[in-house]
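Have a look at the structure below before the remarks.
What follows draws every value from the coordinates through simple rules; no lab data is involved. Bear in mind the structure is a predicted one, so any value in this text is a computation, not a measurement. Reconstructed Cβ throughout: ideal geometry from the backbone, glycine too, with neighbour counts over all protein chains shown.
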2 protein chains.
Amino acid sequence: MPKRFSTETYTQGILAGDRVVLSRAITLVESRLPSDQELAQEVINSVLPYAGHSVRIGITGVPGVGKSTFIEAFGSYIIKEQHKKLAVLAIDPSSQRSGGSILGDKTRMKSLSVNPQAFVRPSPAGKSLGGVTRSTREAIILCEAAGFDTIIVETVGVGQSETAVHAMVDFFLLLMLAGAGDELQGIKRGIMEMADAIAITKADGTNLSKARAARAEYLHALHLYPLAASGWAPQVSTCSAVEHIGLDSIWQTITAYLELTQENNYFEQKRRNQNMQWLYAAIQQGLEERFYSNQQVKEQLQNVADQVKEGHTSAFKAATELLKLV
Amino acid sequence: MPKRFSTETYTQGILAGDRVVLSRAITLVESRLPSDQELAQEVINSVLPYAGHSVRIGITGVPGVGKSTFIEAFGSYIIKEQHKKLAVLAIDPSSQRSGGSILGDKTRMKSLSVNPQAFVRPSPAGKSLGGVTRSTREAIILCEAAGFDTIIVETVGVGQSETAVHAMVDFFLLLMLAGAGDELQGIKRGIMEMADAIAITKADGTNLSKARAARAEYLHALHLYPLAASGWAPQVSTCSAVEHIGLDSIWQTITAYLELTQENNYFEQKRRNQNMQWLYAAIQQGLEERFYSNQQVKEQLQNVADQVKEGHTSAFKAATELLKLV
């Protein structure tokens, strides 16, 4: 079996919903080899006309909030009750340092992993956030072309990747625990402002009344923010993944959001804006990759950086000198 | 009088503390003309050995919090009671849209403007945030070389420029009003986390008890955050610019911060890190300036952007095509 297929083989396999080919295509877009990147771009572009017909849902929350358990339960609900085909993509910027909270636990999302209507794909550890978000964006396209109509992009709510994920999804869901101030949960405060909905997890047993109180509190807090450009007022709900309670209500919230934003054209506008952001990010990334991989820059950067660090030369003078090399 | 001086004239004038030359040198670093930029870099580099010996204080707060009045009073206090030479630099990213809240009012900081120990310089309107922060960084260097030992960098607390200012100062002071939730004050929540101190303004008359209550509240909120890398626990104080109350206490807070961070070496470490951030930002900016000013890129960007926007081609494919042009 060849290590790489032809563009046509990738394309046909993806469009036929072949999961092995889809997996390999994602591996291809994750590769940093120039030849792989070129091939990946051919594949992306050839499936692009068949992509875009999905709802893209970003889900975040700090470690311990029960993301895996929630996505297992919510994903199974979406497949079983809403008859959707679901792809789950994960971004874990902390994996390099922490050993990979998303990847580390191989047993996460056990039942989704083997569900024929689901496709679960974690991001590889040890890549830069920029690289991971780039390949995740492209993986969304590939999954959509392969027929997945619901995409969940999962990230760890520690503040690095949420903005990136927010820029690639239609709907952003924040998972929170009851009974902990948001400071204590380590949620960067700006993240709450990005949420289209908050779901308070583990709302079962003795935790139920705390969850309900938290719901009222968050609802109040969210309504202090000015109304978003979408015209959507963020919702707060409680749920229990283990008791399968509240999943339906979260799905209805997402549906209501889609109805509103497709009606008022915000949905389409947002996707177009995201495409533009994606272009400018790609240009910036391409420029920097080319610059920092230049041999002369590599040779001189350390020395120049030390000069700047010690205050012996100014950053702009140093940057100008380095820019002359390429 | 020539429009531009020689590098030597700028350098000598600045080092002699000549305010006219200093002003003109700042105008030079603000210029976007390539010949000016080259000259500016020569000047920056020749005064660099004489710069750095100041405390750089960032001050932010939403419009209406009383920034100008506070800086007038606090600046006068610093000069009169602490015998400092003060430069005030302002960044106003909103000026392009709003008509310039910092620049618009020519009568702001009336007494500081004419104080021989002070130098007040607003940033020009209509430039990109990147351009403004770049020239502000360079203006700090110039002011320090001209003998100003205290630099205040002022910005409007609406979330765009605070991170940039935070990356160029030693100490970050957030001004807040009593009696308004921080949501209502329009302060981006992340900004509070950057503050080394919060000063509650207008703590006088009937407002005094509200200000004291707010102080307790913010102090509590700040202490929920994990301790900063500096080892510094952010302070909260109340002040009245019109009654000249609490200014001394804010200065003592800054002094205590400096003592702690110079002792534990965080001060020096932070400045070195800031220099490095500045280098990477300068490289990024230089790369993008060169790219977007390329004639072929200019000609093709709009068309390519439209293709990406409509989903006809992928961002990375498009970026790669554009990157081939330069």
*Have a look at the DSSP beta bridges in chain A and tell me what percent are antiparallel, nearest 5.*
5
*Measuring from the lowest to the highest alpha carbon on each principal axis, how far does the range B:1-50 reach, largest first, in angstroms?*
26, 25, 15
*asked:* Nearest 500 deg cm²/dmol is fine: what mean residue ellipticity at 222 nm does the protein assembly as shown get from its DSSP H runs of n ≥ 4 alone, each adding -39,500 (n - 2.57), divided by its residue count?
replied: -17000 deg cm²/dmol
*asked:* List, shortest first and in nm to one decimal, how far the label point of A:Asp248 (7 Å from Cα along Cα→Cβ) is from its counterparts in the other copies.
replied: 6.8
*What's the FRET efficiency of B:Arg32 with A:Thr206 using the Cβ-Cβ distance as r and R₀ = 51 Å, to the nearest 0.05?*
0.20
*Evaluate E = 1/(1 + (r/R0)^6) for A:Lys324 and B:Asn303, where r is the Cβ-Cβ distance and R0 equals 41 Å; express this FRET efficiency to the nearest 0.05.*
0.85
*Which distance in nm do the two modelled labels at A:Glu81 and B:Gln284 give, with both placed 7 Å along the Cα-to-Cβ direction?*
4.2
*Label 7 Å beyond Cα on the Cβ vector: A:Asp36 copy-to-copy distances, nm*: 4.7
*Please sort A:264-272, B:208-216, A:20-28 by packing, taking for each peptide the average over its residues of neighbouring beta carbons within 10 angstrom, highest first.*
A:20-28, B:208-216, A:264-272
*Alpha-carbon centroid distance for the pair the range B:36-82 / the range A:224-284, whole angstrom*: 42
_For the protein assembly as shown, share of DSSP beta bridges that run antiparallel, in % to the nearest 5_ = 5
_Principal axis dimensions, the range B:278-324 - Cα atoms, whole angstrom, descending_ = 37, 20, 16
*asked:* Let me test this: with uniform point scatterers at the alpha carbons of the protein assembly as shown, what is the Debye-based log₁₀ I(q)/I(0) at q = 0.06, 0.07, 0.10 1/Å?
replied: -0.38, -0.52, -1.04
*Taking each residue of B:296-309 in turn, how many C-beta atoms of other protein chains fall within 10 Å of its C-beta, and what is the average?*
2
*asked:* At R0 = 25 Å, how high is the FRET efficiency between A:Ala233 and A:Thr69 if r is their beta carbon distance? Nearest 0.05 is fine.
replied: 0.35
*If we hang a label 7 Å off Cα along the beta carbon direction at A:Gln296, how far is it from the matching labels on the other copies, in nm, shortest first?*
2.0
_Per-residue counts of other Cβ atoms within 10 Å, averaged by peptide: what ranking do you get for B:81-87, A:108-114, highest first?_
B:81-87, A:108-114
_Taking chain A and dividing mean pair separation by its residue count, relative contact order in percent (alpha carbons under 8 Å, at least six apart)_ = 17
*asked:* Tell me the angle of helix B:247-263 to the major Cα principal axis of chain B, expressed in degrees between 0 and 90 and rounded to the nearest ten.
replied: 60
*With +1 on each Lys and Arg Cβ and -1 on each Asp and Glu Cβ, how big is the dipole of chain A about its Cα centre, in debye rounded to the nearest 20?*
480
*For chain B, modelled as a Gaussian network with Cα springs under 10 Å, which listed residue fluctuates most, B:Gly246, B:Gly311, B:Gly66?*
B:Gly311
_Pairs of alpha-carbon atoms within less than 8 angstrom and 6+ residues apart define the contacts here; what relative contact order does the range B:1-50 have, in percent?_
39
*Quick one: angle between helix B:266-292 and the longest Cα principal axis of chain B, in degrees between 0 and 90, rounded to 10, please.*
30
*Approximate spin-label separation A:Gln252-B:His312, in nm, with each point projected 7 Å along Cα-to-Cβ*: 4.3
*asked:* I'd like the orientation of helix B:19-30 relative to chain B: the angle between its Cα long axis and the longest Cα principal axis, in ° from 0 to 90, rounded to 10.
replied: 50
*Can you pull the Rg over Rh of chain B, Cα-only, Kirkwood?*
1.01
*Among A:Asp248, A:Asp18, A:Asp306, which one moves the most in a GNM of chain A with springs linking Cα atoms closer than 10 Å?*
A:Asp306
*asked:* Mean-square fluctuation check for chain A, GNM, Cα pairs under 10 Å: which of A:Thr60, A:Thr255, A:Thr136 is largest?
replied: A:Thr255
